[in-house]
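Notes to accompany the following structure.
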There are 2 protein chains.
Amino acid sequence: MYEGPIQDLIDELSRLPGIGPKSAQRLAFHLVKAPPEEAKRLAEAILAAKERISFCVECGNVAEGERCRICRDPGRDPTVLCVVEEPKDAATIEKAGVIKGRYHVLGGAISPLDGIGPEDLRVQELLERVERDHVAEVIIATNPNLEGNATAMYVAGLLKPLGVRVTRLASGLPVGGDLEYADEVTLSQALEGRREM
Amino acid sequence: MYEGPIQDLIDELSRLPGIGPKSAQRLAFHLVKAPPEEAKRLAEAILAAKERISFCVECGNVAEGERCRICRDPGRDPTVLCVVEEPKDAATIEKAGVIKGRYHVLGGAISPLDGIGPEDLRVQELLERVERDHVAEVIIATNPNLEGNATAMYVAGLLKPLGVRVTRLASGLPVGGDLEYADEVTLSQALEGRREM
């Protein structure tokens, strides 16, 4: 369709998740028109991230070097672990600043339909970490959906025999949301988890 | 928020049109997780496109080298020019295979609100080309919106005194669409442009 190099760029951009052929075309033309520094900076950022970012040997989060920033921070309580599916989930929680402990990234959720079983997740590493660091509480923050809940149940079942406190983030009405738009399952969870005033 | 290189990558991706912070984050994590070859291919495609693609000295379309593929093709009628706003518009029309002539890319449309006047477009080049190549017909295919129409009127006004036939792509009902969903302006254009059966 296009001259070689621009078609190659469109093809490569189309491979990215959520980028269809039209978006890829728009992005490619933007890059061709953009100042050379901008395109160069993007290409270099991709290569730098790829070269310098790996996964933390402790928690599985993205890390520059062997351990991530949070696992390197001596001020973070090692006896509280927040278990999440993906690095981006840890980032979302970290942004809220509600966890004083550390994270453990499973690398996904149990999903038989996608062929992901417990052995594909960093569950063994979690159990070893809990024993080694004398973890007092594991807060499970997998997604509040079918796969996330199944994963939470599975992980909790393995953790409880170790004598550690296992909790799960509450489900309920989003703060600032409209009750009117709440679905039935969320409402029933909100009722179940109701608190004394 | 994140370790340096991944934050840099998210920042660079966020600069792209239509990519918000959440999409940038998703793309960055995808690239970090992806096989190294994939990320490398994307970075190299960006650099290659930037290095090897410029704009055709004849028509203003994207080109590898001095002239684009279409301007280099001796089989394309040089006396019919299709005027478009952007290279991607030429590509869309080219995909339909309806133009046997060549293209002329203006590089945008007249839009006083965005500070784009006729002097920012490749209008002078169009006039020179029409005279030099003894162009018989100029088909104006700017976008069927306010800016595209204003640009079409302006360009047509300059071309007509040169004795060249100036036409504009028809507005009307999209083929395969539902009459029910047609807006009033499109309907009135469809009526105005109605054809004998």
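The values are calculated or read from the model by the stated rules, or taken from the named source; none is laboratory data. Please read all numbers here as calculations on a predicted model, not as lab measurements. Positions of Cβ are generated from backbone atoms using ideal geometry, with glycine treated the same way; all protein chains shown enter the neighbour counts. These accessible areas exclude ligands, DNA and RNA; they are computed on the full protein's heavy atoms, side chains included. Shrake-Rupley method; radii C 1.70, N 1.55, O 1.52, S 1.80 Å.
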Search the stretch A:147-168 for residues that are under 18 Å from A:Y103 (Cα atoms) and pair each with any residue that is open to solvent by 50 Å² or more (accessible area, probe 1.4 Å) and in a helix (DSSP H, G or I) when their beta-carbon atoms are under 8 Å apart and the residues are at least 6 apart or on different chains.
-> A:V166/A:K160
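Going by what's in this entry, would B:R69 be described as touching a strand residue (DSSP E or B) at 6+ places or on another chain (Cβ under 8 Å) and not assigned by TED's automatic domain parsing to the domain that holds B:R132?
Details: touching a strand residue (DSSP E or B) at 6+ places or on another chain (Cβ under 8 Å): yes; not assigned by TED's automatic domain parsing to the domain that holds B:R132: yes.
For B:R69, the condition - touching a strand residue (DSSP E or B) at 6+ places or on another chain (Cβ under 8 Å) and not assigned by TED's automatic domain parsing to the domain that holds B:R132 - is met.
Results for (1) at pLDDT below 95; (2) closer than 20 Å to A:S171 by Cβ, shown as yes or no for each residue.
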{"site": "A:R122", "(1), (2)": "no, no"}
{"site": "A:T142", "(1), (2)": "yes, yes"}
{"site": "A:L146", "(1), (2)": "yes, yes"}
{"site": "A:V155", "(1), (2)": "no, yes"}
In the stretch A:39-57, what residues are within 12 Å of chain B (Cβ to nearest Cβ) and not small (G, A, S)?
-> A:K40, A:R41, A:L42, A:E44, A:I46, A:L47, A:K50, A:E51, A:R52, A:I53, A:F55, A:C56
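Just wondering, is there one or more residues in the stretch B:135-144 that are part of a helix (DSSP H, G or I), touching a residue at least 24 places away in the same chain (Cβ under 8 Å) and either more than 24 Å from B:E94 (Cα to Cα) or open to solvent by 50 Å² or more (accessible area, probe 1.4 Å) (or both)? First the steps, then the outcome.
Taking the stretch B:135-144 first, the residues part of a helix (DSSP H, G or I) are none.
No, because not a single residue in the stretch B:135-144 is part of a helix (DSSP H, G or I), touching a residue at least 24 places away in the same chain (Cβ under 8 Å) and either more than 24 Å from B:E94 (Cα to Cα) or open to solvent by 50 Å² or more (accessible area, probe 1.4 Å) (or both).
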In the stretch B:1-12, which residue that is within 7 Å of chain A (Cβ to nearest Cβ) and among the aliphatic types (A, V, I, L, M) is nearest to the chain's Cα centre (by Cα)?
-> B:L9
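Could you run through the stretch B:170-187 and say how many residues are out of contact with any Ser or Thr (no Cβ under 9 Å at 6 or more places or on another chain) and among the β-branched types (V, I, T)? Full working, then the answer.
Here is the first cut: in the stretch B:170-187, the ones out of contact with any Ser or Thr (no Cβ under 9 Å at 6 or more places or on another chain) are B:170, B:175-184, B:187.
Of the ones still in play, those that are also among the β-branched types (V, I, T) are B:175.
Here the count works out to 1.
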Please go through the stretch A:13-24 and pick out each residue that is part of a helix (DSSP H, G or I), open to solvent by 20 Å² or more (accessible area, probe 1.4 Å) and either at the interface with chain B (Cβ under 8 Å from one of its Cβ atoms) or in contact with a Phe, Trp or Tyr (Cβ under 8 Å, 6 or more places away or on another chain) (or both).
-> A:S23
Of the numbered conditions (1) hydroxyl-bearing (S, T, Y); (2) outside any helix (DSSP H, G or I); (3) outside the structural domain of A:A152 (by TED's automatic domain parsing), A:Y103 fails exactly one; give the number of that condition.
-> (3)
Filter result (open to solvent by 60 Å² or more (accessible area, probe 1.4 Å) and either among the polar types (S, T, N, Q) or within 21 Å of B:N143 (Cβ to Cβ) (or both)) within the stretch B:177-187 = B:Y181, B:D183, B:E184, B:V185, B:L187
Matching residues in the stretch B:25-57 (closer than 16 Å to A:K50 by Cα, open to solvent by 40 Å² or more (accessible area, probe 1.4 Å) and either assigned to a loop (DSSP other than H, G, I, E, B) or among the hydroxyl-bearing types (S, T, Y) (or both)) number 1
If you check B:P36 against the conditions, is it at the interface with chain A (Cβ under 7 Å from one of its Cβ atoms) and free of Cβ contacts under 8 Å to residues at least 60 places away in the same chain?
-> yes
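Residues of the stretch B:58-67 being more than 7 Å from chain A (Cβ to nearest Cβ) and either crowded, with 19+ Cβ neighbours inside 10 Å or over 24 Å from the mean Cα position of the chain (by Cα) (or both), which ones? Show your work before the answer.
Pass one, the stretch B:58-67, residues more than 7 Å from chain A (Cβ to nearest Cβ): B:58-61, B:65-67.
Scanning the stretch B:58-67 gives B:E58, B:C59, B:G60, B:N61.
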Residue check, A:K100 against (1) within 14 Å of chain B (Cβ to nearest Cβ); (2) at pLDDT below 95, all met but one. Which one?
-> (1)
